1. Let me check I've understood the local charge: for residue 110, count other residues with C-beta under 11 angstrom from its C-beta, Lys and Arg +1, Asp and Glu -1. What total comes out?
2. Sorting check: for 158-164, 189-195, 25-31, 139-145, which peptide has the highest mean count of neighbouring beta carbons within 10 Å, and how do the rest follow?
3. Considering Cα pairs under 8 angstrom that are at least six residues apart, work out the relative contact order of the chain and quote it in whole percent.
4. I want the antiparallel fraction of DSSP beta bridges within the chain, as a percent rounded to 5.
5. So who's got an amide H within less than 5 Å of the one on residue 140, skipping anything under 5 residues away but keeping other chains? H placed 1.01 Å off N, in plane.
6. So how long is each side of the stretch 99-223 along the principal axes, counting just the alpha-carbon atoms, biggest first, in Å?
7. Can you give the helix-only mean residue ellipticity at 222 nm for the chain, where every DSSP H stretch with n ≥ 4 adds -39500 (n - 2.57) and the sum goes over all residues, rounded to the nearest 500 deg cm²/dmol?
8. In terms of modelled amide H atoms, which long-range or inter-chain residues lie less than 5 Å from the amide H of residue 40?
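What follows is calculated from the coordinates using simple rules that are stated; it is not laboratory data. In this text the structure is predicted, and so the values were computed from the model without any measurement. Here the Cβ positions follow ideal geometry from the backbone for every residue, glycine too, while neighbour counts run over all protein chains shown.
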Amino acid sequence: MTLQPFSLRHGKALKERRIRVSMSESLRNRLWMTLQQFNRSFYYQSDPSDNWNVKTDLIEETERNLERLLGRSPLKAKSLQGGEITGIEGYFKSGFPSCAFEVVEQFAAELKAHDIKDAFTFQAQVNDAMLAFSCAWRLSDGRFFQVDSQFLHEEVVQKAEDILSKVGFEGAHDEFQQAREYLSEARPKDAILYAFKSFESALKTTVDKHNGDVTSLLLAFREQGFLDDVPEAQAKAICKQVLPAIAILRNELGGHGQGPAVVDVPKAYAVLTLHLAGALNQFVVEQHLRKKPASPVLAAPENDPFLDRMADDDVPF
């Protein structure tokens, strides 16, 4: 499915100022130079009926596809000073910060289709720049997400998303990404709901069941041997007291158990649920892989520069 541009995904939240994005001129310049560094030229056959090849590059394709997705040709936006700018470089450097974000996201998609190893390295360099200039957003799997706690983002949230995307847990991965989107948009109840859904989907994939509540899924998780690396008594206690904790947050704050009064959920509880979902998803997938190792098709590529960097630095960017 095509990723919609940042300003379309978060249009309502941007208008209501629930999302605030700021970027220094130096950060924009560094990111633009990073795009140029990873730009690649190539030829394609525009008309299958003839042999004529057209030369293009990734930045040009980024501009062309953004024009289509945004319904603007040429690509144009209002500058921070109030004037109108056209063309991808002006759109990136002089438009609102959301304009720069969607250029980076679309370029990441073009690069991933061209060379997945370069895409991992590009993501790492983008996030290096965001960190260096104290911008509280990170690029993850082609999308920008807001970061509250750098350590927890790196050690829990990002690693959970990486492992979900690499071993074929597509449903859980999509729901976890959606939870992150809702957290960025200051929609804590929706973030809690989708964080829980991602955990539920990870369990369903692991135990190969398409229905059932979290209690029955956890029972199947234990009975199918995914906790057989600890004694039975401890496995039962973990299934009863530890793993269902996220369901309490979902039931009490994400939709159920509120009674006639509407509960105003502080953001901190949505952050807690997202971090808990990240940790639980990692645990479920790792136990799944312990029993059912990934096939060569799903295994990470050798000499992946992004994973090498993680091994060296113990952080994903």
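1. In short, -4.
2. Highest to lowest by the protection proxy: 189-195, 158-164, 139-145, 25-31.
3. Value for the chain: 16 percent.
4. 100 percent
5. For residue 140, whose amide H was placed from the backbone, the distant partners under 5 Å are 145.
6. 47, 33, 24
7. It comes out at -17500 deg cm²/dmol, rounded to the nearest 500.
8. Here 58, 59 satisfy the definition.
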